[in-house]
Amino acid sequence: MDSNETPEVVTGADTLQPEETAELLEESSTHASEKVVDAAGGGEDEEGYNRNLEFLFDVPLQVSVELGRARILLRDLLQMGEGYVVELDKFSGAPLDLYVNSRLIARGEAVKVGDKFGIKLTEVVSQSDRIAQLG
């Protein structure tokens, strides 16, 4: 996206609920295992499977990386100012958590990409565990 473009706003009606996403993934997985067969048996190949899921590829997802968490008192929040340090629950060097739509997907380490930060994944939650988190 160019810096001149404004991001597209997605309303609640355009957003799939976790249960709907899990059902779609489960149905697609079931259909794919039935349709994708070896060349000797004929049938639909993986390219056909990807075409069936193509409508999901443009679904916007919120990605966030968590450095750590802290619980503070309201009194401390009100006293915060420039230079105030909030101590987080993670140790220095501990992996960062990568969340997609508020679901833990992976862990990794911070890296610099040009003038920006990025995350290099070191551990990814298994696909079955990710689907289980949806329901």
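Placing dummy labels 7 Å off each Cα toward the beta-carbon, the span from ASP58 to VAL86 is 3.7 nm. Its relative contact order, with pairs defined as Cα atoms under 8 Å and 6+ residues apart, puts the stretch 55-135 at 24 percent. Sequence-ordered 3J(HN,Hα) estimates for the stretch 76-83 from the Karplus curve with 6.51, -1.76 and 1.60 and θ = phi - 60° stand at 5, 4, 5, 8, 5, x, 4, x Hz, glycine and proline given as x.
For the stretch 81-131, chymotrypsin sites (Phe, Trp or Tyr not before Pro) are listed when DSSP marks them as loop and at most 10 other Cβ atoms sit within 10 Å of their Cβ; the list is TYR84, PHE91.
Values in this text are rule-based calculations from the coordinates and carry no lab data. The structure presented is a predicted model; accordingly, all values stated were derived computationally and were not measured. Here the Cβ is made from the backbone with ideal geometry for all residues, glycine too, and neighbour counts use every protein chain on show.
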